[in-house]
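The values are calculated or read from the model by the stated rules, or taken from the named source; none is laboratory data. Fair warning: this is a prediction, and the values are worked out from it, not measured in the lab. Every residue, glycine among them, receives a Cβ derived from its backbone with ideal geometry; neighbour counts consider all protein chains shown.
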Amino acid sequence: MEGAALCSHPRTIAWPLSDPVRRGGARLGYRSTRRPSRDPLASTGEACFKRDMSTAQLLATDELPPVRVLRADGASDLFLTADHAGRDIPRRLARLGVPETELTRHIAWDIGIRGVTERLSAAFDATAVFQTYSRLVIDCNRDPDVASAIPEISEHTPVQGNIGLTEADKAARIAEIFTPYHDRITTLLDTRAAAGRRTVYIAMHSFTPTFKGENRAMEIGVLYNRDTRLAAILLDLLRAEGDLTVGDNAPYAVSDLTDYGVPRHAEPRGLAHVEVEIRQDLIADAAGETAWAERMARLLAAADARLKAASG
Ligand SMILES: [Zn+2]
């Protein structure tokens with residue numbers, strides 16, 4: 001890796017964990033994907049991003065928790081997840097050596113899906129679970145054992161901070177980002193099951209309109225694998241809208257290798273479910289998020305009513 005060879009700094013740097021103020025600080029919602037100005041590496045560019053993770057935590061105590069839950073006790077049968085809602089990067093990872101301009105692109109997160117999912121949660125009084133950190137840190141919709149869970153390249157962008165990771169590096173990302181997120185989902189689903197509540201699992205995602213030069217005309221995709229109960233109904237309803245090109249297991253299909261939420265949470269519990277993908281340019285601002293949340297609220301309500309009727 002050419003860039004790293006230029007780096008003259010030692011690989012193990014104590015900031016910011018040595019800062020007593022930060023160490024003692026509460027989680028105040030401090031959002032930083034940039035280094036603090038007192039960072040000794042602040043002016044050295046992208047090459048010096050490596051950290052020895054073997055003896056230190058990944059997240060500092062003042063950084064955001066990896067999982068955010070809205071309406072944990074929501075009354076709705078619908079249960080929403082947004083695995084790629086966030087684009088934060090733990091400060092210790094120094095932006096993974098990726099330019100800030102790249103971290104606003106689709107490679108870092110599912111643009112617009114947080115806003116749509118928040119609005120759906122409000123519309124239904126539905127529990128919604130959001131991942132805070134970028135999928136470039138670790139993809140929470142992928143088995144961590146799959147190599148692409150911590151991608152070394154995303155579309156055409158090298159993710160230098162993901163190259164040559166030690167087992168300890170990977171273990172820290174799993175332990176501090178991936179596992180707490182999925183454990184929270186498990187706990188919420190267990191609680192609902194113990195209370196005898198019905199749950200319909202809706203995994204919310206968004207996709208880029210152009211990927212590796214290929215334009216995608218569809219506005220929305222409905223994704224599924226083994227269980228088509230809800231997907232078939234939602235596909236019918238979306239096609240009946242008349243103004244949409246609808247992807248049937250497109251632009252992606254759900255599989256055990258490329259997904260985690262549906263195969264690990266919904267399918268084993270026998271929960272009706274669907275993975276929804278909305279094209280990002282349609283939800284790139286608040287007006288788009290609102291319009292699509294309203295449309296999806298109407299369609300998901302109708303789909304769930306049909307599902308309930310079909311299951312007697
Ligand atoms: Zn996604």
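I want to confirm something. Restricting to the range 204-225 and keeping residues that are among the small types (Gly, Ala, Ser) and in a strand (DSSP E or B), which single residue is nearest to the ligand (Cβ to nearest atom)? Quick ask: steps written out before the conclusion?
Our first condition is that a residue be among the small types (Gly, Ala, Ser); within the range 204-225, this holds for 206, 213, 217, 221.
Filter once more, keeping what is in a strand (DSSP E or B): 206, 221.
Working: SER206: 7, GLY221: 11 Å.
Among those residues, the one meeting the criterion is SER206.
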Scanning the range 256-283 for residues that are within 14 Å of the ligand (Cβ to nearest atom) and in a loop (DSSP other than H, G, I, E, B), the one farthest from VAL129 (Cα to Cα) turns out to be THR258
Scan the range 291-305 and give yes if some residue there is more than 17 Å from LEU78 (Cβ to Cβ) and in contact (Cβ under 8 Å) with a residue 24 or more places away in the chain, otherwise no. no
Of (1) out of contact with any helix residue (DSSP H, G or I) (no Cβ under 9 Å at 6 or more places or on another chain); (2) among the polar types (S, T, N, Q); (3) outside any helix (DSSP H, G or I), SER121 satisfies every one except (3)
Residues of the range 55-95 being outside any loop (DSSP other than H, G, I, E, B) and closer than 16 Å to ILE174 by Cα, in sequence order, are VAL67, ASP88, ARG92, LEU93
Could you list, ordered by first residue, the pairs with Cβ atoms under 9 Å in which the first is in the range 109-121 and of a type in the set (S, T, N, Q) and the second is within 11 Å of the ligand (Cβ to nearest atom), at least 6 apart or interchain? THR117/THR81; THR117/ALA82; THR117/ALA85; THR117/MET204
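What number of residues within the range 122-143 are within 11 Å of the ligand (Cβ to nearest atom) and either free of Cβ contacts under 8 Å to residues at least 40 places away in the same chain or of a type in the set (D, E, K, R) (or both)? Can you show your working first?
Our first condition is that a residue be within 11 Å of the ligand (Cβ to nearest atom); within the range 122-143, this holds for 131, 135, 139-142.
Applying the additional criterion that residues be either free of Cβ contacts under 8 Å to residues at least 40 places away in the same chain or of a type in the set (D, E, K, R) (or both) yields 135, 139, 142.
Total meeting the criteria: 3.
When the range 198-247 is examined, which residues are found to be small (Gly, Ala, Ser) and surrounded by fewer than 22 Cβ atoms within 10 Å (Cβ to Cβ)?
Filtering the range 198-247 for residues small (Gly, Ala, Ser) gives 203, 206, 213, 217, 221, 231-232, 240, 242, 247.
Matches in the range 198-247: GLY213, ALA217, ALA232, ALA240, GLY242.
Of everything in the range 69-107, what is within 16 Å of the ligand (Cβ to nearest atom) and modelled with pLDDT of 95 or more? Give them in sequence order.
LEU80, THR81, ALA82, ASP83, HIS84, ALA85, GLY86, ARG87, ASP88
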Taking the range 90-110 and keeping residues under 13 Å from the mean Cα position of the chain (by Cα) and surrounded by fewer than 24 Cβ atoms within 10 Å (Cβ to Cβ) leaves HIS106, ILE107
Looking at (1) charged (D, E, K, R); (2) within 17 Å of the chain's Cα centre (by Cα); (3) over 25 Å from ALA297 (Cα atoms), which is the one condition that is false for GLU152? (2)
Looking at the range 96-118, which of its residues are assigned to a helix (DSSP H, G or I) and out of contact with any Ser or Thr (no Cβ under 6 Å at 6 or more places or on another chain)? LEU96, GLY97, GLU100, THR101, LEU103, THR104, ARG114, GLY115, VAL116, THR117, GLU118
May I ask you to list pairs of residues, at least six apart or on different chains, whose Cβ atoms are under 8 Å apart, with the first in the range 224-247 being basic (Lys, Arg) and the second being in a helix (DSSP H, G or I)? ARG226/GLU267; ARG229/LEU307; ARG229/ALA310
In the range 188-221, the residues that are within 18 Å of the chain's Cα centre (by Cα), among the β-branched types (Val, Ile, Thr) and farther than 20 Å from ASP304 by Cβ: THR208
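Residues checked against (1) of a type outside the set (A, V, I, L, M, F, W, C); (2) at pLDDT 95 or above:
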{"residue": "ILE185", "(1), (2)": "no, yes"}
{"residue": "ARG198", "(1), (2)": "yes, yes"}
{"residue": "ALA203", "(1), (2)": "no, yes"}
{"residue": "ARG216", "(1), (2)": "yes, no"}
{"residue": "LEU223", "(1), (2)": "no, yes"}
{"residue": "LEU257", "(1), (2)": "no, no"}
{"residue": "PRO263", "(1), (2)": "yes, yes"}
{"residue": "GLY270", "(1), (2)": "yes, yes"}
{"residue": "GLN280", "(1), (2)": "yes, yes"}
Being surrounded by fewer than 24 Cβ atoms within 10 Å (Cβ to Cβ) and under 16 Å from LEU188 (Cβ atoms) is the filter here, so list the residues in the range 261-278 that pass it. ARG264, HIS265, PRO268, ARG269, LEU271
